[in-house]
Structures are given as structure tokens and as C-alpha cells.
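As C-alpha cells, the structure follows; a few thoughts come after it.
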Amino acid sequence: MADPTKQQSQRVVGDERSGITVSDLRFDYPRGANGADSFSLHLSRLEISPGERVAIIGPSGCGKTTLLGLLTGILVPRSGRVLVSGTDVSRAGDGERRRFRISRMGLVFQSLALVEYLNVFDNILYSYRITNALRLDESVRSRARSLAGELGIADKLRRPVGALSQGERQRVAIGRALLSQPEVLLADEATGNLDPTNKGRILDLLFAQLERERSTLVAVTHDHELLPRFDRVLDLCELCAP
Amino acid sequence: MQRVIGSLRLVALIAVAGNALMPTPSVAEMSVYTVNYPLAYFAERIGGDAVTVHFPAPPGIDPAFWMPDPEVIGAYQAADLILLNGAGYAKWIGQASLPRRKLVDTSRSFRDAYLPGEKTPVHQHGPTGDHTHGQIAFTTWLDPKQAIEQARSIEAALVKQDAEHAASFARGADALVADLEELDRDLEAVFAAIEGESLLASHPVYSYLARRYGLDLRSLTWEPDADPGESGWQALDALLAARPARWMLWEARPLDSTTAKLDARGVGVVVFEVGVNRPDAGDFLSMMRDDLEALNRALGLR
Amino acid sequence: MIDSFYLATRYLLFHRVRSVTVVACLVLVAALPIGLERILAESERQLMARADTTPLLLGSKGSSLDLVMSAVYFGGQTPDPISLAEIERIEEADLAYAIPIHMGFSARGAPIVGTSVDYLDYRELTVAHGRSFTILGESVLGAGVAKRLGLSPGDSLTSSPESFFDLAGAYPLKTKVVGVLEPSGGPDDLAVFVDLKTAWVMQGIGHGHQDLTRVQDPTLVIDRDEKKVVGSAKVVEYQEITDSNRDSFHFHGEPASFPVSAALVVPEDERAGTLLLGRFVDGSLGGQLIRPRAIVGDLMTTIFRIKEVLDLAVAIVGTAAILALVLVFSLSFRLREKELRTNFEIGSSLGTTARLLAAELMLLAAASAVCVAGVLFVLDRFSATIVRGLFVT
């Protein structure tokens with residue numbers, strides 16, 4: 001078996017301004033609630049090309065979710081830079097980071113974080129309802145329906161998300177993340193609790209969408225079975241400086 | 001100048017003619033119901049055109065014992081005034097539902113002077129229980145002085161109801177009172193002529209007449225259309241034995257046989273109508289005048 | 001903001017039990033004091049309207065409120081009686097006419113009012129079916145009584161015995177229903193009207209029986225002479241007045257001494273009323289003569305003072321309810337922390353949370369306002385009926 005961490009992407013590298021560039025990133029926060037230990041992340045360099053599919057692996061607690069937070073601008077580093085599609089998310093203000101995140105990035109959370117009181121269709125459209133950076137119109141609705149069709153949940157649009165299976169819920173989360181046609185998709189354990197058949201199917205759907213939009217994928221995963229499908233596998237512990 | 005006067009005359013003529021042609025505004029006539037004919041007569045004399053008097057008792061029935069139908073009682077209820085005689089007249093008043101504010105007790109002013117009526121046995125519940133009272137004599141109008149008080153009571157009630165016609169009512173009342181006073185004088189003269197003599201009556205309905213003129217009047221309970229029977233004649237004989245009497249007052253002409261038997265006993269029949277019902281001809285006053293005439297003839301004063 | 005309202009709507013609908021409960025609480029807190037105010041205002045209007053149409057009321061000395069409640073609204077305790085003579089004294093003053101009211105008996109739950117036909121004229125009560133009472137033994141029913149008991153002209157209605165144990169007292173009297181009144185919207189709808197004399201028969205002051213002067217059965221007579229017959233206790237009194245026995249009905253005693261509960265006194269004018277009142281103040285006439293309007297006015301003042309206490313209680317409860325709602329909202333907010341965090345992580349605009357919560361509150365407030373308006377509309381539309389149902393019984 002090939003070394004997943006060594007897989008290199010053969011994909012075309014786009015514009016220099018696209019993609020993700022991290023340089024000399026330092027972040028730490030005290031883990032006061034769980035123990036006396038504080039947590040620090042130090043990443044000297046990371047470059048992800050536009051359209052590249054990167055998997056981030058590493059043991060629990062090494063900061064994979066924190067890295068995603070830093071890349072999306074949810075967290076702000078103590079020092080260093082994070083450039084995403086030419087935007088310095090590490091230096092931007094809260095409002096600008098929010099706008100950038102919602103309009104040009106797509107997030108798939110480990111917990112999926114669907115809105116239980118909305119149906120499938122409204123969950124997919126959700127991002128458009130909580131920001132003025134995106135405008136919800138008939139073209140967006142039409143795109144959402146078509147996206148739902150491609151994800152295999154077109155017949156469940158009016159169902160409350162609580163009535164769906166785990167696999168169906170996963171597809172809804174992906175649909176929500178992809179609706180705004182993001183340049184970068186960040187997924188945290190997107191296939192976490194699925195059986196092997198569904199895992200494969202979800203990834204197929206995800207990669208198909210990404211292929212179409214030529215979006216970058218950064219996926220945190222524990223599942224080594226999926227690693228061969230990525231262009232590159234990065235072990236965060238090895239990436240991080242001591 | 002002639003032309004001016006002529007024109008003025010023409011204008012005046014037109015005005016008068018126009019007025020005559022204009023319909024006079026109609027005044028609602030007061031509706032008055034009475035319980036007997038004498039009160040109806042008084043109301044007609046006093047009220048004149050301003051009053052419509054109703055006395056619905058059928059002609060052949062004694063109004064004192066008449067029982068009107070619900071429809072007739074309803075008509076009484078709808079009247080503007082209901083003239084009652086007082087002194088317990090009539091029986092149906094005690095059972096009927098009449099509006100209190102329309103009732104006029106015409107003999108209220110002399111209610112302390114009522115006389116006892118027919119001596120019917122009273123009844124009592126238990127040795128110490130409630131008991132009924134004897135009846136009161138109710139032919140109050142046979143005393144012209146009392147009739148005058150009743151007439152004045154009617155006048156006052158009419159005036160209270162319709163003050164606009166007070167003057168007309170006063171004129172009517174005054175005229176009636178004058179007639180009644182004249183009747184009183186004439187009756188007084190007649191009875192004065194037989195002062196000291198005893199009189200009999202077929203029915204105890206003349207008590208007020210007797211009191212007014214100081215008559216020694218003893219009453220039986222005889223009906224004009226029936227023979228009094230053995231006991232009746234015996235009662236009469238007992239009365240005659242106690243004190244002789246030459247005349248017997250009757251409300252209506254008795255049977256010829258009764259007249260004959262009375263005649264045999266030296267007792268003459270004098271028809272003295274009480275006047276409770278409207279006569280076929282004449283009116284209350286003419287009836288009283290006829291009674292007076294009957295007295296005069298019987299007493300040999302004419 | 002439209003999107004916030006959309007999301008808030010979906011949230012409230014998803015948690016509909018909670019939403020309905022919150023709206024219900026808000027509606028109660030808002031509508032209760034207003035509703036109470038409207039009901040009281042309507043009660044006052046109806047009570048005062050009835051009192052206004054009763055210029056003066058004559059009765060025995062004692063509680064004037066009891067007198068008004070009994071004679072004007074046909075409820076409460078029957079006051080001590082006055083005699084007919086006292087009514088005649090009022091009439092003799094020639095300043096007013098009086099309408100006697102006799103209370104104390106009932107028929108199948110409806111109060112029997114013994115009075116004269118003047119009462120029906122004065123209260124402008126018209127007959128819908130049949131006719132007014134004209135003679136002893138007849139009754140006329142209020143519209144509500146007729147409907148409740150399913151009676152119409154030609155039927156009969158028997159008075160209830162005053163006391164089950166009152167063996168020597170009043171006996172039930174069967175009356176003939178001759179008329180049913182048009183609805184009047186007041187206490188008259190729920191009463192049975194008879195002539196005063198019929199009420200006296202119910203009371204035992206008048207009765208009918210065989211002619212004791214003509215009876216053959218010796219056990220019916222204790223003593224007899226030409227002037228008087230003394231009947232025994234075996235003499236049976238008629239329990240129904242018919243055409244065949246009506247003539248036998250008679251009264252024992254002086255009518256002036258017979259009892260009435262009260263009398264509506266209608267003065268000729270304001271001055272006459274004042275003069276009459278003056279005679280009672282100076283003690284020249286017995287009993288009491290009152291203005292029902294003043295008594296009911298005093299009653300309403302007392303009621304409104306009680307209402308102030310009630311208002312305070314409602315305000316305290318309302319405040320507690322609102323505090324509870326605030327607690328519910330804050331707990332709900334805490335439960336939604338994850339959702340609100342997700343919004344941030346997805347990249348929601350600044351103020352999204354505030355807008356969402358504001359939209360929710362506005363929707364709840366709007367729903368409550370609509371419900372309150374609906375409740376008050378219904379209350380306004382039916383307050384007269386509700387008050388009649390509550391008090392006119």
C-alpha cells in the first residue's frame with residue numbers, strides 16, 4: 001500500500017493568489033475546562049493549491065479542528081498569516097471574516113450542525129438566510145433543488161431533517177456547504193459515522209461537486225481507508241513545529 | 001276707500017272659509033270604562049265629547065254579579081280610566097287584574113260612611129280562625145249627596161288625565177250636580193210627606209236612600225219574577241205585624257200575583273229602579289225622575 | 001429581516017406547544033384585566049339601566065340593597081313585607097303611583113312576581129304569545145322561563161311550596177299560563193308574573209273551598225248558626241283556580257293589611273319624587289323609600305373597589321407570568337447555543353442572533369395581540385349575553 005502521506009496531487013495548480021497559504025502560524029488557548037494544560041499550535045508553512053484535495057490526519061488533540069478554525073477565520077492566530085484565495089483571514093476584522101467565510105468557503109462540521117426546526121430544503125438554503133453577503137433568489141433556489149437532486153435527496157426536500165437517516169443528513173450538510181459555490185470546502189470528519197458503502201458514496205458526491213466547481217478541499221479525517229482518494233495526506237503532528 | 005274695505009272683507013272671508021275647510025287637529029279621546037251605568041252616565045255628562053265612555057256589561061245582567069270574559073277585562077286594562085263604584089262593587093273586581101294607576105274609587109271620599117249589606121252568613125275556619133266579613137251595601141248613588149261626591153270624584157279624575165278640558169269638565173259636572181241636587185230636593189219633599197211611616201223593600205238595596213231621607217225601611221229578599229213562597233209571606237206578615245207599612249219598593253215590577261197578594265195585605269207596589277243598567281229609553285236621571293214620579297203617584301201626592 | 005422572520009416562524013411552528021403556551025400566557029396576562037374591565041363595565045351598564053328605570057322603591061325598613069336586589073332584580077333574600085296600606089298612603093299623597101311587588105314564591109326555579117298589570121306597562125313588556133293575565137289564577141311567563149320549561153299559553157305551572165316542612169303554610173297553587181312575553185334582555189325574562197291577588201292565594205291569605213253554608217258532610221262543620229258557620233280543619237282548599245270554582249275564592253282579613261314585598265313608585269315628576277322622599281326622611285310615613293340608582297351606584301363603587309384589589313392581584317400574577325416567560329426565553333436561548341454558534345461558524349452577519357430573537361419575540365407578540373383582539377372582540381360582541389347569563393339568574 002502506498003504511503004498516504006506521500007501522495008502528491010497531479011492536479012493543475014491554479015492562480016498563485018488562489019489556494020491556501022499558511023506561514024508561521026502560532027495559536028494557543030488554555031484548556032482550562034478540561035485540565036491545567038494549555039494547547040499550542042505552531043505551523044511554519046503549509047501550501048494547498050487551488051482545486052487540490054488534501055486530507056489532514058493526526059491523533060486526537062493534535063489540533064486538526066483548530067487548524068480548520070484558523071483556516072476559516074473562526075479562530076484568530078496569535079501570530080502568522082493565513083491566506084485563503086488571496087484574502088488574509090488572519091488579519092481581517094470579524095465582519096470581513098464572516099462575510100468571506102459564508103460566501104467563499106463551505107463548511108461541513110463533524111456534528112453536521114443541521115438546523116433541526118428546518119426542513120431539508122431550508123437547511124440547504126440556510127446560509128443565504130443568515131447573511132446579507134449572499135442574496136437568496138429564484139436562481140439560488142433552483143440551484144439548491146438541482147444540488148439536492150445530485151446528492152440524491154431531491155424527494156426529501158420538505159422533510160424535517162430529524163426524520164432523515166445519518167447518510168441523508170450528511171448529504172444535506174454537504175448541500176448546504178456547496179450551495180454558495182465556495183472556492184474552498186473544509187470538512188471535519190464529513191463521513192464520520194457512516195458505513196463503508198455510504199462513506200464511499202458521500203465522497204463520490206463530494207468530489208463530483210468539487211470537480212465541477214474546481215474547489216479546494218481540506219478534509220480532516222480519521223478514516224485511513226479514504227486516504228487514497230485524496231491528492232495529498234498531511235499529518236498535522238509532523239507538520240507542526242516542535 | 002270702498003274698495004279697500006271690500007278687499008279687507010274678502011280677505012277675512014277667505015280666511016274664515018279656509019279655516020273652516022282645514023281639518024281640525026284630532027284630539028285623542030279619553031277612553032273611560034265603568035263598572036255600572038250610573039257611573040257611565042256621570043262620566044258622559046261630565047266628559048262630553050272629550051271622553052268615550054264604555055260600560056260593556058250586557059243589558060239583562062246585574063253588573064254587580066257579572067263576570068266579564070278575558071277579552072272584556074283586556075279592554076278594561078287598555079282604558080285610560082276605570083271608574084269603580086267602591087263599597088265592594090262589583091264581585092268581578094276582586095278577581096280581575098286591573099291596572100292600579102287607572103282605577104278611580106269614586107266613593108273613596110265617604111268610605112267611612114258605608115252601610116252593611118245583605119245579611120248573608122259569614123264563615124270562619126276553626127273556632128279562632130280567620131273569618132269573612134259581611135257584605136257592604138253598594139248602591140251608593142241612590143243617595144244623591146253621595147252621587148254628587150262620586151260625580152266630583154269623576155270630574156277630578158278626568159281633569160287629572162286631561163287638564164286641557166278642565167273647564168269643559170267643570171261645566172259638565174256643575175250641570176250634573178245641579179240636576180242631582182234638584183232630584184235630592186224633590187226626593188226629600190216626597191219622603192217628608194210620609195215622615196214617620198214605615199216602608200218595605202223587596203231587596204236590601206235602598207239602605208243609602210233610607211239613610212239619606214231618614215226612612216224606616218225594612219227589607220226582605222224577594223225576586224220580582226218569583227213568588228216569595230210560604231216563608232216569604234210569613235216573613236212579610238211578621239214585619240207588618242211589628243209595624244204596618246203601606247208601600248213596598250221594588251227594583252222591577254213583580255208578578256201580578258205578588259202584587260195582588262200585597263194589595264190584599266194593604267201594601268202597594270212602588271217600582272223604584274236602582275239604575276244599574278242602561279235603560280232602553282232615557283237615561284239615569286230620567287230613570288230617577290220616573291222613580292220619583294212612581295213615588296208621588298203611589299203616595300197619592302200627585 | 002424577512003429571512004429572520006421566516007426562520008423565527010419556522011422555529012415557533014416547530015416548537016408549537018411552547019409557542020402556544022407562551023402566547024396563551026401573554027393573552028391571559030393582557031386580556032384578563034381588560035376582559036374583567038369590560039365585563040364589569042357591562043355589568044354596571046345593565047344593573048344601572050335597570051335601576052334607572054325604577055325611579056323609587058318602597059319597602060320595609062332594613063337592608064336597602066336586599067330590597068333592590070329582590071324587587072328590581074328578583075334575586076337575593078325576600079325582604080320583610082310592608083302592607084298594602086302603605087302603598088295606598090303613597091298613592092293618596094297624589095304625587096306618584098305605585099306598582100306592588102310580591103316576592104317569595106317560585107315555580108320550577110323561576111321567581112313568581114305578584115304584581116298588577118301596571119308592571120308590564122311600566123317595564124314596556126309586550127306579550128309575544130297569548131295575552132296578559134286578566135283574572136285570579138292566571139300567569140304570564142318571561143321569555144326565558146317559557147323557553148327553559150317548554151311552556152306556552154294553555155299550559156299550567158304550579159308554584160313550589162314555600163317550605164317542604166311548612167305543613168300549615170302555603171300550598172302549591174296551579175296557575176294557568178295565558179301568555180309569554182317578548183324577550184327583554186333583563187330579569188323579567190326569567191320571572192313568572194301573576195296578579196297580586198293570586199300571589200296572596202299562594203300565600204294562603206286567600207283561598208277557595210266548598211260553600212260551608214251548603215255542605216252536607218257534618219264533619220266539615222264545627223258550629224253553625226244563622227249568622228255564622230265555623231268550618232273544621234277537614235275543609236279542603238282548592239289547589240287550582242278554575243272557572244267553576246273561582247267564585248268560591250275569597251280573602252280573609254282587611255286587604256289594606258295584606259302583605260307586599262315592595263312597590264315600584266313612579267312619581268309624577270322630579271319634584272314629586274323629592275317631596276315623597278322627604279316624607280320618609282322626616283318619618284311621617286313608615287318603611288323606606290329609596291332610589292335604586294343610588295343603591296346600585298353604591299354597590300358598583302364597592303365592586304370597583306374590590307376590582308382594584310383584583311387588578312393588583314392580576315398585576316402581580318401577570319408580572320410573575322412575564323418573569324416566567326423571560327426565564328423560558330433565557331433558558332431557550334441557552335439551549336440554542338449550539339445553533340447560534342453554528343451560525344457564527346458558517347459566517348452569519350453580525351447581529352443575526354439579535355435579529356432572530358427579535359423576530360421571534362415580535363411574532364409571539366403579534367400572535368398574542370391578534371388573540372387578545374379576538375378575545376376582546378368576542379367579549380364585546382357577547383358581553384351583554386355573558387353578563388346576563390352570569391348575573392341575571
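The values are calculated or read from the model by the stated rules, or taken from the named source; none is laboratory data. What you see is a predicted model, and the numbers here were worked out from it, not measured in a lab. Quick reminder, even Gly has a Cβ in these numbers, built from the backbone with ideal geometry, and neighbours come from all protein chains shown.
Within the range C:325-332, identify whether any single residue is of a type outside the set (A, V, I, L, M) and more than 17 Å from residue C:23 (Cβ to Cβ), and answer yes or no. Looking through the range C:325-332, at least one residue is of a type outside the set (A, V, I, L, M) and more than 17 Å from residue C:23 (Cβ to Cβ). Of everything in the range C:137-155 that is crowded, with 22+ Cβ neighbours inside 10 Å and within 13 Å of chain B (Cβ to nearest Cβ), the residue that is farthest from residue C:208 (Cα to Cα) is C:140.
Just to verify a result, which residue in the range C:347-358, among those that are assigned to a helix (DSSP H, G or I) and surrounded by 16 or more Cβ atoms within 10 Å (Cβ to Cβ), is nearest to the other protein chains (Cβ to nearest Cβ)? Among those residues, the one meeting the criterion is C:352.
The C-beta contact set for the range B:37-57 (first residue closer than 15 Å to residue B:148 by Cα, second residue acidic (Asp, Glu) and crowded, with 22+ Cβ neighbours inside 10 Å, distance under 7 angstrom, 6+ apart or interchain) comprises B:46/B:155. Restricting attention to the range B:75-119, which residues are away from every other protein chain (no Cβ under 11 Å), outside any helix (DSSP H, G or I) and of a type in the set (Ser, Thr, Tyr)? Once the filter is applied, which keeps residues that are away from every other protein chain (no Cβ under 11 Å), outside any helix (DSSP H, G or I) and of a type in the set (Ser, Thr, Tyr), the range B:75-119 yields B:89, B:106, B:107, B:114. If you filter the range C:236-247 down to residues that are modelled with pLDDT under 85 and within 11 Å of chain B (Cβ to nearest Cβ), you find that the one that is farthest from residue B:88 (Cα to Cα) is C:237. Among the residues of the range A:77-104, those that are away from every other protein chain (no Cβ under 13 Å), in contact (Cβ under 8 Å) with a residue 24 or more places away in the chain and on the phi < 0 side of the Ramachandran plot comprise A:77, A:78, A:79, A:81, A:82, A:83, A:90. Selection of the range A:126-152 for residues being part of a loop (DSSP other than H, G, I, E, B) and either more than 10 Å from chain C (Cβ to nearest Cβ) or crowded, with 21+ Cβ neighbours inside 10 Å (or both) yields A:130, A:131, A:135, A:137, A:151, A:152.
Taking residues in the range A:194-213 that are surrounded by 15 or more Cβ atoms within 10 Å (Cβ to Cβ), and partners anywhere that are small (Gly, Ala, Ser), the pairs with Cβ atoms closer than 6 Å and at least 6 places apart or on different chains are A:194/A:167; A:198/A:167. Taking the criterion of being surrounded by 16 or more Cβ atoms within 10 Å (Cβ to Cβ), assigned to a helix (DSSP H, G or I) and more than 14 Å from chain C (Cβ to nearest Cβ), would at least one residue in the range B:54-74 satisfy it? Yes, the range B:54-74 contains a residue that is surrounded by 16 or more Cβ atoms within 10 Å (Cβ to Cβ), assigned to a helix (DSSP H, G or I) and more than 14 Å from chain C (Cβ to nearest Cβ). If the condition is being of a type in the set (Val, Ile, Thr) and within 16 Å of residue C:13 (Cβ to Cβ), then the range C:358-393 contributes only C:370.
Restricting the first member to the range B:236-256 and to residues that are touching a residue at least 24 places away in the same chain (Cβ under 8 Å), and the second to residues that are part of a helix (DSSP H, G or I) and aliphatic (A, V, I, L, M), the beta-carbon pairs closer than 6 Å and six or more apart or on different chains are B:247/B:298. For the range C:347-356, a residue qualifies if it is free of Cβ contacts under 8 Å to residues at least 40 places away in the same chain and under 60 Å from the mean Cα position of the chain (by Cα), and the qualifying residues are C:351, C:353, C:354. When residue C:119 is tested against (1) over 23 Å from residue C:290 (Cα atoms); (2) at pLDDT 95 or above, just one condition goes unmet, and that condition is (1). The helices (runs of 4 or more DSSP H) found wholly in the range C:1-73 and carrying at least 3 residues that are away from every other protein chain (no Cβ under 14 Å), surrounded by fewer than 16 Cβ atoms within 10 Å (Cβ to Cβ) and within 19 Å of the chain's Cα centre (by Cα) occupy C:16-52. The single condition among (1) outside any helix (DSSP H, G or I); (2) under 21 Å from residue A:215 (Cα atoms); (3) in contact with a Ser or Thr (Cβ under 7 Å, 6 or more places away or on another chain) that residue A:112 does not meet is (3).
Quick check: is even one residue across the range B:242-258 among the acidic types (Asp, Glu) and within 30 Å of residue B:184 (Cβ to Cβ)? Looking for residues that are among the acidic types (Asp, Glu) and within 30 Å of residue B:184 (Cβ to Cβ), one finds at least one in the range B:242-258, hence yes. Contact annotation: residue pairs with Cβ atoms under 6 Å, 6 or more positions apart or on different chains, pairing a residue in the range B:128-151 that is away from every other protein chain (no Cβ under 14 Å) with a partner that is surrounded by fewer than 16 Cβ atoms within 10 Å (Cβ to Cβ) and at pLDDT 90 or above, are B:149/B:109. For residues in the range C:248-274 being exposed (fewer than 14 other Cβ atoms within 10 Å of the Cβ) and more than 13 Å from every other protein chain (Cβ to nearest Cβ), which is farthest from the chain's Cα centre (by Cα)? Selected residue: C:271. Here residue C:243 passes the criteria (1) within 30 Å of residue B:92 (Cα to Cα); (2) surrounded by 12 or more Cβ atoms within 10 Å (Cβ to Cβ) except the one numbered (2).
Which of the following residues is among the small types (Gly, Ala, Ser), part of a helix (DSSP H, G or I) and loosely packed, with under 13 Cβ neighbours inside 10 Å: C:324, C:367? Give the steps one after another, and end with the answer.
Details: C:367 fails: loosely packed, with under 13 Cβ neighbours inside 10 Å.
Testing whether each residue is among the small types (Gly, Ala, Ser), part of a helix (DSSP H, G or I) and loosely packed, with under 13 Cβ neighbours inside 10 Å leaves just C:324.
The listed residues are C:344, C:333, and the only one of them that is under 30 Å from residue A:186 (Cβ atoms), over 39 Å from the mean Cα position of the chain (by Cα), within 12 Å of chain A (Cβ to nearest Cβ) and among the aromatic types (Phe, Trp, Tyr) turns out to be C:344.
Could you check, for the range A:153-162, whether at least one of its residues is buried (at least 17 other Cβ atoms within 10 Å of the Cβ), in a helix (DSSP H, G or I) and within 12 Å of chain C (Cβ to nearest Cβ)? Looking through the range A:153-162, at least one residue is buried (at least 17 other Cβ atoms within 10 Å of the Cβ), in a helix (DSSP H, G or I) and within 12 Å of chain C (Cβ to nearest Cβ).
Scan the strands (runs of 3 or more DSSP E) fully inside the range C:93-132 and keep the ones with 2 or more residues being at the interface with chain B (Cβ under 9 Å from one of its Cβ atoms) and not small (Gly, Ala, Ser). Result: C:96-107.
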